[in-house]
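Just so you know, all these numbers are worked out from the coordinates, no wet-lab data involved. The model shown is predicted, which means the values in this text are computed figures rather than measured ones. All Cβ positions, glycine included, derive from the backbone under ideal geometry; neighbour counts span all protein chains shown.
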Amino acid sequence: MSDSKQKAKDVPAPKAWDSNSEKANRTLFKLNGLWVSYAHSFFATSAFLAALVTGCMLHYNKIVTNEHYTYPDEWFPSVSATIGDRYPERSLYQLLIALTSSSRFILCYLTYYLTNAPNAKLPFILLVVGVIRTFTCGGWTYVTSTDDHDIHDIFMIAYIVLTLPYTIIRTILTPKNTTVKTLRIVVATMFFGTIVPLVYMYLQHKIHRKAGAYTIYAFLEWSLVLLDILFDSLSSYDLPDLEIVVQDINNVSKTSSEVEVFSDPVKVLKRSPPRFGFVISVLNWTLWWSVMSSVGAMLWYFPLWYMDISGYEAYLLTLFSPIILCVPPLRWFFETLPQVAFVGQMIAVIAYWEPSPPTRMMYVGIGSGFATIALATTFHSAAKSSRKWVLISQSATFVIGLLITVAIRIRMHTNNPFWPIMNSENGGQNHWGLGLGLFGALFAGTMVPDKVLKPKPKTNSFASGLGIGGLFYYFFSFMSDISALPLWCWQGYPIRGPQTIPDGILVVFAACLGLLFGVKSKVTLSNFKLSVFSISMILFTQVDHWVGFAAGLYSVFYISSVSISLLSDAAQHNPGKSFGVGLFFTVLFYFLETWTVAYAFVPGGWLLRERIWVVVSLMYIFIIIGVLNARGNDADTLQNPESTKSSKSKSTSDFHKFKPKMICFFLALISLSASFFTYQRYILPAPVPLHPETQSFNAGIWTVHFGLDNALWTSELRMADLIRDAELDVVGLLETDTQHIVGGHRDITQKLADELGFYTDYGPAPDKHTWGCALLSRFPILKSEHHLTPSPHGELAPAIHATLLVYGEVVNIVVFHSGQEEDPLDRKLQTEYLTEVLRNTGDEPTILLSYLVTVPHQGNYNTWVSDYSGMHDIDPTDSDRWCEYILYKNIKRVAYARISRDTITDTELQVGKFQIGKEPDYSNNMISEDEVESDLRMPQLFRGEGVRGHFYHVFNEPRYFL
């Protein structure tokens, strides 16, 4: 037989087609082992965080109470108290930890199959220990400390004891000279190293009964939980090479086709640009901006109380903590474990649990230090990626995070709900910030899929740092809230320029367009755009009204567009140098800006007194240096990957298919949300007076301490309650200008105006170097003029002279904050200046709502209350005043009262009632309340003990006059 015939004979004859055999052995489901690691990390973390957040929201005082102390001596709950003492947090924890159990057992088995080798005993021992350890976890989970304290502790101790061989064996079985082995050694060392101070603090609490020891113990206990989860999450380095497969081996399934789900999560994350990583990056940067902006918002509190440099300003030094990244091992650690720095920044968010302002400030300082490390290491890691879109996307998400906080602050009336000066009583949503921040931190770094060695950058690291310093100062000063630009250009009524609502929304639009232009354009760094930016900065700082605002909008557009280049350039250098230098100068800008206003209280204040233009010019120069320096890199490559030879690569084409879509999606979402929030606030009904039936109105003067109460919480809602209860139609507010980085760029008048129904005038603009004054009125403001009164030695004293239309009659209201006691010449000149303004109102009704710093019937008082000014004291017999005074002329005075402040501020609220259409009586004859019409009487709820700590004091009742 020939060979060809033999071969043909050996080939089996084809079988008839069999549908059942065709369907047998089909793969129905594939699950990559990496998803097991992700599921375990997610459910385990969620279980503890859900219990912690829920417990603090519902039973805070109960779960921080122990056998010896309670709040405020102990203020952070232990793990046991959080997960086992109360419903529903106990149930939430037990439900989520039950969901964790399946991935925990599978993780044990997959690890065994991964490490097992012929004649190897350790993998089997690891499997047994891992399974028993999981059962002990169930023991202390479902037998809580409330159910049986001893059994709970036995299981807990067994779990910790078993963790020792588990971590040691797992580390031994890890291949040598690998990143994951190093990480396991580091995490395990931190875990067992934490046990020593844990035991010490427990003994301090249990035996020595030291107050606060259990809170420190609780922090260490929670650290053990996080480190335990972190150790198991390192399995993500091992498991991508294992796959769980479900096959139909006998055609028992009814499905008509093969199903393959989650086969390779690495490919899922890397496929096209990583959508998940993009969203996580946006989330992390949103919390980053919340943390960083909170530093200044809190810090302003301390020098106000000390009326001098307080020492707490030193916390600003934590902002240039990236300088430690010049040490290679530290840089390696934070880049390898980006989650550490992002979790660390959450310390600033969780600080709202701490009632003590100094301690809360300490936590914010620590959190902001971690935040800046997260910034530097994340960008440096992105610069190492082989995919160009990673660094571009990181820069874009950074700015998108800023714009999200801006949109949120429109809704929150310039406050950020995640700030530690917010809480559940004043509108804070801190628990949401904490939960979202920890979730984002868990997946930090997912947008950097791989790393390659890059050539050294062509630019100078110091020049890059200068650019970053100028960029960050601009971001914080002019883009952190939509109120910043309009208020710089606001000069009072009639309206000749932008208002925060609705015109501030244009800031968001300009930033969105600029960012999109920066991502797509090749000419962001062109000389033409740079020249226009220079002109816009000059116009913005020198011209008011719409022209200055339009120039400011262009500067926002330009800064947003070049941010991609500046951040990308800095990312390619040693982060300790570029970002360290940049944040050092950012902190320097913080001080310089504050010096321009606080010159009377700081050393060398005269150098920058009333010279904000010097600070802004320095910022401009730094940005220009950064832009020119960034040209040293291939700017077109940074901003347009299609211009390079790699444009044919999948990563580049993916960028242009997907990334701009994601960026456009977020920018559109931000624009729509900001527009909606603006519209909601714009359509509010027009203000109406409270007492039209008697043609009367209540006018008040109040020094509000920049909207921070005595315990360092925002006070707008508490202020609104008192203003509402006092039935004020007109109120002058003093110490209101927080439109600075150190101050948080808040506008306290916005919340009051929307909450109560007021027209507002925000006094001299933020670039006029005053502590600020504001006017709220339920009557239309026909015109207003802002005054900067003479101050050759001390602080610049602001004033507003407004003309209101009150029940058809013109009434002049003057709001004024005098200089300090230490500068008598200033107060004399200011008195002469303002009394001239009051004199020039002629016979028109006029009211002065003021802070005069004088004793009744002495010194400058006799110039304020004189025939020359025409003004009269609302109550000349009140000899207990020093600061606040109400003066009037050509209008009938009805009543006068002083209302205690409680803890909102350090100054009382003074109120005068006036009536239109009646002849004034200057005789100062008092009458009893019974002789006054009921509709003209002052509010009754402040009598006696009053309400919420507010009551009539000094006289213990209002005073009424003929």
HN-Hα J in Hz across segment 421-438 - Karplus 6.51, -1.76, 1.60, θ = phi - 60°, x for Gly and Pro = 9, 10, 8, 5, 8, 10, x, x, 10, 4, 5, 5, x, 5, x, 5, x, 5
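With a 10 Å radius around each residue's Cβ, average the other Cβ atoms per peptide and rank 132-141, 729-738, 416-425, highest first. Mind showing how you got there, number by number?
On the way: 132-141: 18.3, 729-738: 26.8, 416-425: 22.6.
Top to bottom by mean Cβ count within 10 Å: 729-738, 416-425, 132-141.
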request  = In nm, give the distance between the simple-model label positions of Lys661 and Glu809, each being 7 Å from the Cα along the Cα-to-Cβ direction.
outcome  = 6.8
key: Degrees, to the nearest 10: 575-595 long Cα axis against longest axis of the chain   = 10
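How do the peptides 706-712, 606-612 rank, highest first, by the average count of neighbouring beta carbon atoms within 10 Å per residue?
Working: 706-712: 22.0, 606-612: 16.7.
Per-residue Cβ counts within 10 Å, averaged per peptide and sorted highest first, yield 706-712, 606-612.
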remark   = The helix 33-58 Cα axis meets the longest alpha-carbon principal axis of the chain at an angle in degrees, between 0 and 90 and rounded to 10, of 30
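Mind ordering 206-213, 183-190, 51-58 by average Cβ neighbours within 10 Å, highest first? Write down the numbers at each step before the final one.
Values: 206-213: 14.1, 183-190: 17.8, 51-58: 20.5.
Peptide ranking by packing, descending: 51-58, 183-190, 206-213.
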query = Given H placed on each backbone N at 1.01 Å, which residues far from Thr703 in sequence or on other chains put an amide H within less than 5 Å of it?
reply = Leu734
In nm, spacing of pseudo-spin labels at Phe276 and Asn460 (7 Å Cα→C-beta vector) = 4.4
ask   = Does anyone have the angle between helix 527-542 and the longest principal axis of the chain? Alpha-carbon axes, 0 to 90°, nearest 10?
value = 30
remark   = Sorted by chain and number, the residues with a modelled amide H under 5 Å from that of Ile886, at a separation of 5 or more or across chains, are Ile874
request  = Output the relative contact order of segment 275-680, whole-number percent, from Cα pairs under 8 angstrom with separation of 6+ residues.
outcome  = 24
note = So for R0 = 25 Å, FRET eff. of Asn527-Trp613 from the Cβ-Cβ r, to 0.05, ends up at 0.55
Charge dipole of the chain about the Cα centre (unit charges at C-beta), most positive-ward option of Leu227, Gly842, Ile612 = Leu227
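Say the cut-off is 19 Å between C-alpha atoms; which of Lys458/Lys577; Lys388/Lys456; Lys751/Lys783; Lys456/Lys577 go over it?
Working: Lys458/Lys577 15 Å; Lys388/Lys456 16 Å; Lys751/Lys783 23 Å; Lys456/Lys577 14 Å.
From the list (Lys458/Lys577; Lys388/Lys456; Lys751/Lys783; Lys456/Lys577), the Cα-Cα distance tops 19 Å for Lys751/Lys783.
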query = Per residue of the chain, what 222 nm ellipticity follows from adding -39500 (n - 2.57) for every DSSP H run with n ≥ 4, rounded to the nearest 500?
reply = -16500 deg cm²/dmol
query = Could you give me the ³J(HN,Hα) list for segment 919-931, computed from phi with Karplus coefficients 6.51, -1.76, 1.60 and θ = phi - 60°, whole Hz, x at Gly and Pro?
reply = 6, x, 10, 9, 6, 6, 7, 8, 10, 7, 5, 5, 8
remark   = Taking R0 as 56 Å and r as the Cβ-Cβ distance between Phe192 and Lys520, the FRET efficiency 1/(1 + (r/R0)^6), rounded to the nearest 0.05, comes to 0.60
request  = Pop out the ³J(HN,Hα) list for segment 830-842 in order, Karplus 6.51 cos²θ - 1.76 cosθ + 1.60 with θ = phi - 60°, rounded to Hz; leave Gly and Pro as x.
outcome  = 5, 4, 4, 5, 6, 5, 5, 4, 5, 4, 6, 7, x
ask   = Taking amide H positions as placed 1.01 Å from N in the peptide plane, with prolines and chain starts having none, which residues 5 or more places from Val894, or on another chain, fall under 5 Å of its amide H?
value = Lys913, Phe914, Gln915
request  = Specify which labelled value, from (i) 2, 9, 13, 15, 15, 12, 9, 7, 6, 5, 4, 2, 1, 0, 0; (ii) 2, 10, 18, 20, 17, 14, 9, 5, 2, 1, 0, 0, 0, 0, 0; (iii) 2, 11, 20, 24, 20, 12, 7, 3, 1, 0, agrees with P(r) over Cα pairs in 10 Å bins from 0, in percent derived from the coordinates of the model shown.
outcome  = (ii)
request  = Take every Cα pair under 8 Å in the chain that's 6+ residues apart, average their separations, divide by the length, and report that relative contact order as a whole percent.
outcome  = 10
ask   = Hey, rough spin-label estimate for Glu832 and Ala98, points 7 angstrom out along Cα→Cβ, what's it come to in nanometres?
value = 8.3
query = Taking the Cβ-Cβ separation of Leu114 and Ser310 as r and a Förster radius of 56 Å, what is the calculated FRET efficiency to the nearest 0.05?
reply = 0.50
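Compute, for the chain, the length of the dipole vector about the Cα centre, with Cβ point charges of +1 (Lys, Arg) and -1 (Asp, Glu) only. Units Debye, rounded to 20. Display every interim value, and only then the final one.
On the way: 73 positive and 82 negative charges, 1209 e Å.
Computed charge dipole of the chain: roughly 5800 debye.
Please work out how much length the chain gains when fully extended from Asp153 to Ile916, using 0.36 nm per residue of separation minus the C-alpha to C-alpha distance, in nm with one decimal.
On the way: separation 763, 0.36 × 763 = 274.68 nm, distance 7.50 nm.
Stretched fully, the Asp153-Ile916 segment lengthens by 267.2 nm.
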Cα gyration tensor category, rounded, prolate or oblate, for segment 696-961 with a/c compared to 1.5 = rounded
